[in-house]
Amino acid sequence: MVNSKTKGKFKDFLLTQGLKSTNQRELILEEFLRAGAHLSTEDLYLRLRKKNPRIGYATVHRTLKLFAQCGIAEQRHFGDGQARYEASDHDEHHDHLICISCGKIVEFEDSRIEELQIEVAGEHGFSIERHRLDLYVYCSHCSIQT
């Protein structure tokens, strides 16, 4: 279910913006966090419509943008022309494998990659503040078909 800290952060953000905390926004937040995936507006909208047909596409879209502004979600672009959102958890870093054929997205962590990035940045006189690594690949299913 929804982490009460995240829920509180969103309610506080809405207050500072002069916006109301509504049942629809709360339902959208719950479903977004429950999904645990990289969701486009349409993905989340379709999930919500099954449970609550009164939620509109524009409401979902605006609410996802509010999540990003608030810092509980990050807007990501994986080269398919759609903005996708994932829950922000700044304590956990991960990278992505994105299939360029079917769009499948897999999150992964590898300490060797992290160490190598620090080493390469240092060799060039940089220190890493933050980074993203997205590898565009063919998944095992799609590579068989190509």
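Points 7 angstrom from Cα along the Cβ direction at Ser88 and His61: gap in nanometres?
If labels sit at Ser88 and His61, their model points lie 2.3 nm apart.
Using the Kirkwood formula on the Cα atoms of segment 95-145, what hydrodynamic radius do you get, in angstrom to one decimal?
Its Kirkwood hydrodynamic radius stands at 12.5 Å.
Counting only helical runs of four or more DSSP H residues, what would the 222 nm mean residue ellipticity of the chain come to if each run contributes -39,500 (n - 2.57) and the total is spread over all its residues?
Rounded to the nearest 500, the figure is -15000 deg cm²/dmol.
Need one number: nm distance between label points at Asn52 and Glu26, each 7 Å from Cα along Cα→Cβ, rounded to one decimal.
Once both label points are built, they end up 0.9 nm from each other.
Using the C-alpha gyration tensor of the chain, what are the square roots of 5 times its eigenvalues, in whole angstrom, with the largest one first?
Values for the chain, descending: 31, 22, 12 Å.
Counting pairwise Cα distances across segment 4-87, what percent come out greater than 14 angstrom?
59 percent
With springs only between Cα atoms under 10 Å, which of Glu119, Glu107, Glu74 fluctuates most in a Gaussian network model of the chain?
Glu119
How about Lys65: which lysines have a C-alpha closer than 20 Å to its C-alpha, ignoring those fewer than 8 places off in the same chain?
Candidates past the 8-residue exclusion: Lys5, Lys7, Lys9, Lys11, Lys20.
Using alpha carbons only, how many degrees (0 to 90, rounded to 10) separate the axis of helix 4-16 from the longest principal axis of the chain?
Between helix and principal axis, roughly 70 degrees.
Give the separation of the Cα centroids, segment 1-55 to segment 81-125, in Å.
After rounding, the separation between the Cα centres reads 25 Å.
Read-outs throughout are calculated quantities, based only on the coordinates presented, and are distinct from any laboratory measurement. Quantities reported herein were computed from a predicted structural model and do not represent experimental measurements. Every residue, glycine as well, gets a Cβ built from its backbone with ideal geometry; the counts of neighbours run over all protein chains shown.
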